[in-house]
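Student: Can you keep this structure in mind? I'll have questions shortly.
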Amino acid sequence: MKKEAEALKTQIEAARKAACDTDMASAASGVAPAPRVQLKTRRTLKGHLAKIYAMHWSTDNKLMVSASQDGKLLIWDSHSGNKVNAVPLKSSWVMTCAYAPSGNLVASGGLDNMCTVYNLKTPVIKTVKELDAHTGYLSCARFLSDTEILTSSGDTTCALWDLETGKQKTVFLNHVGDCMCLALSPDMNSFVSGACDSLAKLWDIRDGQCKQTFQGHTSDINAISFYPSGNAIITGSDDCTCKMYDLRADQEVIGYQDAALNSGVTSLALSVSGRLVFAGYDDFNCNIWDSLKGEKVGVLSGHDNRVSCTGVPVDGMCVCTGSWDSFLKIWN
Amino acid sequence: MSSKMQSSNNIAQARRTVQQLRLEANIERIKVSKASADLMHYCSEHAKYDPLLMGIPASENPFKDKKPCTIL
């Protein structure tokens with residue numbers, strides 16, 4: 001069977017090579033370069049007392065949630081810069097947070113191995129569920145709706161949970177390293193995960209199957225995002241590079257790297273057209289890449305420590321960066 | 001675990017790996033030139049709706065610094 005596995009791997013490589021008649025950078029050589037992107041800090045959100053590990057925009061383009069190891073989730077009104085809510089966490093070792101599309105719920109999780117879901121709309125914020133089944137840390141969570149949430153874990157699995165029963169509906173098994181991040185497809189039928197096995201995997205949410213595996217990175221994948229068309233994904237890794245993989249060509253089509261950059265990528269977010277990739281790095285900066293040409297077109301400097309999270313709201317009006325320096329900054 | 005159980009676990013694992021590889025090997029792949037063209041097309045179609053790419057006029061920027069009001 002080992003021989004069969006090797007033969008299949010060779011077959012996959014050959015099929016990918018046959019489809020590889022060019023690369024994105026060459027194909028995009030005729031495209032006008034993206035303008036030099038110079039964004040200003042419009043808001044600096046101060047309130048957390050320790051490293052910020054995650055942030056997520058609400059679909060209303062105004063509110064956002066951030067998570068810090070000071071043991072709090074803070075809900076911010078990004079327009080006024082004011083804090084709207086504070087949710088004290090049972091465990092301060094938080095690694096992720098998420099805002100439900102409805103705006104009714106937020107979730108958090110981390111070294112407690114659990115995903116805790118809170119209702120923001122009750123007179124006092126209540127814990128509505130503690131999702132407890134992972135045997136490793138919770139690295140990422142994303143709501144599909146008020147009744148379903150996807151999680152990725154250091155136990156190498158991802159899971160789809162029913163929020164009414166609090167139980168796992170589907171467990172996604174295939175990674176051999178800690179799962180570090182996940183991203184939902186625009187059509188919500190699939191998601192991609194990135195892991196410490198340096199692979200990104202595409203999963204069908206309903207049948208639980210791993211459909212495709214993307215190689216190329218040489219270290220942990222910490223960040224992953226869908227291209228807005230749904231046909232490609234972008235990954236960011238400890239190997240200091242980002243890569244775009246096209247789902248239909250089943251391979252890497254362009255890489256975003258620079259010999260001068262030797263810090264790992266912690267987070268990434270795309271502008272609404274997909275043209276700009278905002279990637280947060282360990283070196284305290286967020287670099288802006290032209291997704292088609294692979295060139296660096298700007299940088300967001302201002303944090304005094306690692307940029308740990310980035311996010312662009314649905315209307316694309318700004319980009320938010322969160323850092324170990326305990327501040328969030330809004331740029332446009 | 002007896003060595004017999006261990007080897008049957010390894011066989012089960014190997015079988016799963018082969019099944020997964022078979023699944024992944026059998027997908028349809030399009031050419032990178034077509035994939036790139038489609039991505040470029042999407043970008044150009046949506047560029048005009050991308051505030052971070054196009055720039056945001058101050059009057060429409062919800063994050064523009066508010067000037068302090070003086071009451072006369």
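Student: Just list whichever of A:Lys296/B:Lys48; A:Lys62/A:Lys169; A:Lys129/A:Lys211; A:Lys51/A:Lys243; A:Lys46/A:Lys296; A:Lys62/A:Lys293 have alpha carbons separated by over 23 Å in the model shown.
Tutor: Too far apart for the 23 Å limit: A:Lys62/A:Lys169; A:Lys129/A:Lys211; A:Lys51/A:Lys243; A:Lys46/A:Lys296; A:Lys62/A:Lys293.
Student: Please identify which residues in the stretch A:108-149 have an amide N closer than 11 Å to a label point set 7 Å out from the Cα of A:Met188, following the Cα→Cβ vector.
Tutor: Within reach of a label on A:Met188: A:143-149.
Student: What list of ³J(HN,Hα) values in whole Hz, one per residue of the stretch A:91-105 in order, does the Karplus curve 6.51 cos²θ - 1.76 cosθ + 1.60 (θ = phi - 60°) give from phi, with Gly and Pro shown as x?
Tutor: Rounded to whole hertz, the list is 10, 7, 8, 8, 10, 8, 8, 8, 10, 6, x, 6, x, 7, 10.
Student: Cut-off is 10 Å between beta-carbons; in what order do B:Ile27, A:Ile330 appear when sorted fewest neighbours first?
Tutor: B:Ile27, A:Ile330
Student: Also: Given the -39500 (n - 2.57) contribution per DSSP H run of 4+ residues, what per-residue ellipticity at 222 nm results for the protein assembly as shown, rounded to the nearest 500 deg cm²/dmol?
Tutor: Value at 222 nm, helices only: -5000 deg cm²/dmol.
Student: Among A:Val65, A:Gly47, A:Met95, which residue has its Cα furthest toward the positive end of the charge dipole of the stretch A:39-115, with +1 on Lys/Arg Cβ and -1 on Asp/Glu Cβ?
Tutor: So the residue furthest toward the plus end is A:Gly47.
Student: Roughly how big is the stretch A:19-140's charge dipole about its Cα centre, with Cβ charges of +1 (Lys, Arg) and -1 (Asp, Glu), in debye to the nearest 20? Each step should come with its number before you reach the end.
Tutor: Numbers: 13 positive and 8 negative charges, 140 e Å.
Charge dipole, the stretch A:19-140, about its Cα centre: 680 debye, nearest 20.
Student: Something else about it: Please give the length that would be gained between A:Lys2 and A:Ala260 if that part of the chain were fully extended, namely 0.36 nm times their separation in residues minus their C-alpha to C-alpha distance (nm, one decimal).
Tutor: 88.8 nm
Student: Under a 5 Å amide H to amide H cut-off, with H placed in plane at 1.01 Å, what residues pair with A:Leu276 once short-range neighbours are removed?
Tutor: Residues meeting the amide H criterion: A:Ser271, A:Ser291.
Student: Using θ = phi - 60° and the Karplus relation 6.51 cos²θ - 1.76 cosθ + 1.60, list the HN-Hα couplings for the stretch A:67-77 in order, rounded to whole Hz, with x at every Gly or Pro.
Tutor: So the J values, rounded to whole Hz, are 10, 9, 6, 7, x, 10, 9, 10, 9, 10, 8.
Student: Can you work out the FRET efficiency for the pair A:Ser102 and A:His79, with r the C-beta to C-beta distance and R0 = 30 Å, to the nearest 0.05?
Tutor: 0.90
Student: In bins 10 Å wide, starting from 0, what share of all Cα pairs of the stretch A:273-332 does each bin hold, as a percent?
Tutor: 24, 54, 21, 1
Student: So how long is each side of the stretch A:1-155 along the principal axes, counting just the alpha-carbon atoms, biggest first, in Å?
Tutor: For the stretch A:1-155, the Cα extents along the three principal axes come out at 59, 49, 29 Å.
Student: Under the definition of Cα pairs under 8 Å and six or more residues apart, what whole-number percent is the relative contact order of the stretch A:71-149? Before the final figure, lay out the partial values.
Tutor: Values: 169 pairs, mean separation 20.0, N = 79.
So the answer I get is 25 percent.
Student: Residues with amide H under 5 Å of A:Asn222's amide H, sequence separation 5 or more or different chain, H placed in the peptide plane at 1.01 Å from N; which?
Tutor: A:Gly236, A:Ser237, A:Asp238
Student: Under 19 Å between alpha carbons, and skipping anything fewer than 8 positions from A:Lys2 in its own chain: which aspartates and glutamates qualify?
Tutor: Filter leaves A:Glu13, B:Glu24.
Student: Okay, next question. Out of residues 5 or more away from A:Asn285 or on other chains, whose amide H comes under 5 Å of its own, with H placed 1.01 Å from N in the peptide plane?
Tutor: Long-range HN contacts for A:Asn285: A:Val307.
Student: Going by how many other beta carbons lie within 10 Å of each one, how would you line up A:Met188, A:Met64, fewest first?
Tutor: The fewest-first ordering by Cβ neighbours comes to A:Met188, A:Met64.
Student: Set the Förster radius R0 to 45 Å, insert the Cβ-Cβ distance between A:Glu295 and A:Ser91 as r into 1/(1 + (r/R0)^6), and round the FRET efficiency to 0.05.
Tutor: The computed FRET efficiency comes out at 0.60.
Student: Let me ask something else. Just to verify a number: FRET efficiency for B:Lys31 and A:Asp60, C-beta to C-beta distance, R0 = 51 Å, to 0.05?
Tutor: About 0.80, to the nearest 0.05.
Student: Work out from phi, with θ = phi - 60° and the Karplus expression 6.51 cos²θ - 1.76 cosθ + 1.60, the ³J(HN,Hα) of each residue of the stretch A:272-283, listed in order in whole Hz, and give x for Gly and Pro.
Tutor: 5, 7, x, 6, 10, 10, 9, 10, x, 10, 5, 7
Student: Continuing with this model, one more query. Could you give the radius of gyration (one decimal) and Dmax (whole number) of the Cα atoms in chain A, in Å?
Tutor: 19.2, 62
Student: Extension gain A:Thr165-A:Gln209, at 0.36 nm per residue separation less the Cα-Cα distance, in nm?
Tutor: Additional length available on full extension: 13.6 nm.
Student: Next question, about the same structure. Of the listed peptides B:34-43, A:10-19, what is their order by residue-averaged count of other C-beta atoms within 10 Å, with the highest listed first? Could the numbers behind the result be given before it?
Tutor: Details: B:34-43: 19.8, A:10-19: 14.5.
Peptide ranking by packing, descending: B:34-43, A:10-19.
Readers should treat all values here as calculations from the given coordinates under stated rules, not as data from a laboratory. Since we're looking at a predicted model, the values are computed, not measured. So basically every Cβ, Gly included, is an ideal-geometry build from the backbone, and we count neighbours across all protein chains shown.
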